[in-house]
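Data block below; observations after.
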Amino acid sequence: MKIHDLIVIGAGPAGSSAARKGAELGLNVLVIDKESFPRDKPCGGGLSAAAYKELGEDLPEHLIEQKCYGMRSVYRNQIHLIESETPVAYMIRRIHFDNYLLEQALSQGAVFSQETCRAVRETSGLVEIETDKGTHYSRYCIGADGFFSPTAKSVRDPFSKAETRFCLISHPADNGHPIRQSEKPVVELDFGFIRKGYGWLFPKGEFISAGIGGEAASAKELRHVYKAFLASHNLDQAEKPQGCFIPVSNLKHELATGRIMLAGDAAGLVDSFSGEGIRNALISGRLAAEKATEAKSRDGAVQGYKSSLLKKIGNNLIWSERMTRVSSRFESLVYGRLLADERVMKRYFEILRGDRSYRSFFLMTMLELPLIILSVSIKKTGMLNRTR
Ligand SMILES: Cc1cc2nc3c(=O)[nH]c(=O)nc-3n(C[C@H](O)[C@H](O)[C@H](O)COP(=O)(O)OP(=O)(O)OC[C@H]3O[C@@H](n4cnc5c(N)ncnc54)[C@H](O)[C@@H]3O)c2cc1C
């Protein structure tokens with residue numbers, strides 16, 4: 001019976017970063033995925049500048065569809081364009097990006113097998129992984145198998161509706177939308193369509209990634225909202241949108257038991273305010289592999305995975321959830337005023353670059369709120385007077 005040091009289930013960003021790190025640290029790693037690669041995955045494909053840094057090295061240029069230098073925001077009839085000197089996000093296509101990450105892991109010595117995992121259980125110091133092709137054994141296992149993670153069944157409770165968002169996405173042809181008309185392309189976010197969510201337009205090669213995401217409870221309503229969103233941008237509605245769930249459970253669940261850990265969406269690590277999941281998938285995958293290596297050195301159970309993850313990303317997840325609540329409670333204040341303020345938006349770009357925490361953004365913006373409201377009101381009154 002062959003015993004691997006580490007089996008990683010799922011070869012998305014969390015799984016491939018775990019497999020790569022594990023192999024780099026000298027573990028004998030098998031990574032399995034139910035799909036053959038390259039495979040696509042419904043996703044906006046927006047890599048924040050902070051997520052890009054997490055890769056630890058530059059992506060080959062051909063993988064970057066577009067660098068985005070700021071944000072065009074829409075709230076009701078207000079449109080604001082705030083630009084940035086340096087990129088705030090890099091647009092990639094998951095089919096190529098995920099394949100590249102997997103190749104990086106394989107180049108470090110990890111081995112890939114296309115299999116569907118059915119169950120994971122721990123028995124006498126080993127993890128037994130049952131797939132459609134047989135049974136594997138390993139000392140440690142990382143479940144990086146996404147929202148519906150079979151591995152998670154042996155570690156945590158299912159995500160509740162409140163811990164879940166629902167997204168719809170399609171890829172209409174570019175119709176000359178303003179996101180690409182400025183010298184430097186930007187991302188667009190549209191607010192006010194849906195509670196605890198937004199619509200996005202991301203510029204890709206010849207098409208636009210157009211999506212909308214909000215509370216899972218409003219999934220039915222979202223289909224109508226999505227139509228209205230596309231129509232408001234004169235975007236083609238021929239392609240049937242794909243619907244997907246994303247988990248924003250905020251480290252409330254168990255993330256490890258004995259020799260099994262969860263990473264990425266399987267662990268529920270999507271940022272509730274931005275909907276960004278790739279960054280935390282990369283961070284958690286890598287950390288889980290480090291914990292497996294450390295546990296192997298003493299041939300024991302994994303220790304301190306969740307507390308280390310809390311230290312790295314917990315604060316940001318907690319404050320991002322607070323921002324989501326505040327934004328949905330005081331929608332017109334947040335979207336009507338803050339999106340218009342260049343200083344606030346540039347500070348938000350610092351979060352996207354990983355140079356500022358949500359907490360510091362939130363507290364500074366709260367302190368300045370009276371001034372911001374005043375200056376935006378003065379600007380609006382000025383504009384009104386000029387149009388009279
Ligand atoms: C519509 C939409 C838009 C998004 N846009 C963005 C964005 O622009 N930027 C961003 O940062 N995040 C975005 N996200 C979130 C992001 O896609 C996820 O957070 C990210 O993919 C998580 O990576 P992961 O590796 O944990 O899981 P995944 O990327 O989901 O990978 C899981 C892997 O596990 C495999 N798997 C599943 N079940 C099994 C099984 N039983 N056996 C074997 N293999 C299995 C799957 O085939 C898959 O390859 C978006 C999500 C959605 C739904």
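Descriptive notes on the structure:
- Taking other residues whose beta carbon is less than 15 angstrom from the beta carbon of Ala219, and scoring Lys, Arg as +1 and Asp, Glu as -1, yields +4.
- Spin-label zone in the stretch 298-315 - amide nitrogen under 16 Å from a point set 7 Å from the Cα of Met1 along the C-beta vector: none
- Distribution of pairwise C-alpha distances over the chain, 20 Å bins, in %: 28, 55, 15, 1, 0
- For the options Leu367, Leu262, Leu25, a Gaussian network treatment of the chain with springs between C-alpha atoms closer than 10 Å singles out Leu367 as fluctuating the most.
- DSSP bridge pairs, the chain: antiparallel proportion in percent, nearest 5: 70
- Here the gap between Leu367 and Tyr137, fully extended at 0.36 nm per residue and compared with their Cα-Cα distance, gives a gain of 77.3 nm.
- Label-to-label distance for Ile79 and Arg322 is 3.5 nm, based on points extended 7 Å past Cα in the beta-carbon direction.
- 10 Å Cβ shell holding at most 11 others, DSSP loop, GluC sites (Glu not before Pro): longest site-free stretch of the chain: 207-388
- Seen from Lys346, the other residues with C-beta closer than 12 Å to its C-beta sum to a net charge of -2, counting Lys and Arg as +1 and Asp and Glu as -1.
- Förster-model FRET efficiency, 51 Å R0, Ser232 and Thr123, C-beta, rounded to 0.05: 0.40
- Length-normalised contact order for the stretch 172-277 - Cα pairs under 8 Å, 6+ apart - percent: 19
- Segment Ala173-Lys67, extension gain: residue separation times 0.36 nm, minus the distance between their alpha carbons: 36.3 nm
- Once you reduce the stretch 1-42 and the stretch 161-206 to the center of their Cα atoms, the two points are 31 Å from each other.
- Förster-model FRET efficiency, 56 Å R0, Arg195 and Gln108, C-beta, rounded to 0.05: 0.80
- Summing +1 for each Lys or Arg and -1 for each Asp or Glu among the other residues whose beta-carbon sits under 15 angstrom from that of Ile208 gives -3.
- Amide H partners (placed H, <5 Å) of His4, local residues excluded: Tyr137, Ser138, Arg139
Where a number appears in this text, it was derived from the coordinates with a stated rule and is not lab data. Everything quoted here is computed from the prediction, not taken from an experiment. Positions of Cβ are generated from backbone atoms using ideal geometry, with glycine treated the same way; all protein chains shown enter the neighbour counts.
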